[in-house]
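To start, the structure under review is shown below, and the notes come after it.
Just so you know, all these numbers are worked out from the coordinates, no wet-lab data involved. Just so it is clear, the model here is predicted, and its values are computed rather than measured. Here the Cβ positions follow ideal geometry from the backbone for every residue, glycine too, while neighbour counts run over all protein chains shown.
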Amino acid sequence: MKHQPSLTQSRLRELVTYFPETGEFVRNVRVANQHAGTTPGSVNKLGYRLIFIDNKRYRAHHLVWLYVHGYLPAYLDHIDRDPSNNKLANLREATHAQNMQNRSFSKANKSGFTGVRPHQKLKNRWLAQIRANNKCIYLGTFSTPEEASAAYSTAKVKYHTYAQGV
């Protein structure tokens, strides 16, 4: 889905230059306290570079898409899951559901495996589940987190086709 940008590709190119091989932006003109020739913006706590253009904040990877393709997409996916890697080859347009297929497990994860958690009621058992098409799919309970992870990996091939080859 394409958003109608208030920022245009020509305005963006007037203000910055993008280098697809490195994923870096460089300012063409001085803006506020940032000089021409410098890297615009800053990195937030999630690792995304945020750049202000005409008093509006944008994530750098969305500006990459506008710079190259001429529109701001609703969702973009960093193929390698690294939010600081804004090389054009590392970005792909996605839906929200597709983007969620290519995420790492939460820092709160206690098993060390995506889609695996300790069973709440059964001691020394591990539950595996996967989310697909807005539904949580139960994959079973297992003796070890490795067994549960194997079940998740099998289900991922079936349900998460967007993230294949990642």
* Under 19 Å, Cα to Cα: Lys pairs in the chain, sequence gap 8 or more or different chains -> 7
* Structure fact -> From DSSP H assignment alone, runs of 4+ in the chain each adding -39500 (n - 2.57), the sum over residues rounded to the nearest 500 puts [θ] at 222 nm at -6500 deg cm²/dmol
* To do: May I ask you to list the GluC sites (Glu not before Pro) in segment 1-66 that are in a DSSP loop and have at most 13 other Cβ atoms within 10 Å of their Cβ?
  => Glu21
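Under the definition of Cα pairs under 8 Å and six or more residues apart, what whole-number percent is the relative contact order of segment 1-79? Let's see the in-between values first.
On the way: 100 pairs, mean separation 24.0, N = 79.
Dividing the mean separation by the residue count of segment 1-79 yields 30 percent.
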* Asked: Taking 0.36 nm per intervening residue step and subtracting the Cα-Cα distance, what contour gain separates Asn44 from Gln120 on full extension?
  -> 23.9 nm
* To do: Would you kindly derive the ³J(HN,Hα) couplings of segment 118-124 from the backbone phi angles with the Karplus curve 6.51 cos²θ - 1.76 cosθ + 1.60 (θ = phi - 60°), listing them in order in whole Hz, with x for Gly and Pro?
  => x, 5, 5, 10, 9, 5, 6
* Roughly how tilted is helix 145-159, in degrees to the nearest 10 and between 0 and 90, from the longest Cα axis of the chain? -> 60 degrees
* Using Cα atoms only, what is the angle between the long axis of helix 60-69 and the major principal axis of the chain, expressed in degrees (0 to 90) to the nearest 10? -> 70 degrees
* Asked: Hey, what's the Kirkwood Rh for the chain if you take every pair of different alpha carbons, in angstrom?
  -> 18.1 Å
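Counting pairs of alpha carbon atoms under 8 Å apart in space and at least six apart in sequence, what relative contact order in percent does the chain give? Intermediate results must be reported in sequence, preceding the final value.
Values: 265 pairs, mean separation 25.1, N = 166.
After rounding, I find 15 percent.
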* Multiply the residue separation of Gln98 and Leu7 by 0.36 nm, subtract the distance between their alpha-carbon atoms, and state the gained length in nm to one decimal. => 30.2 nm
* Along the charge dipole of the chain, Cβ charges K/R +1 and D/E -1, which of Thr39, Pro73, Ser10 sits furthest on the positive end? -> Pro73
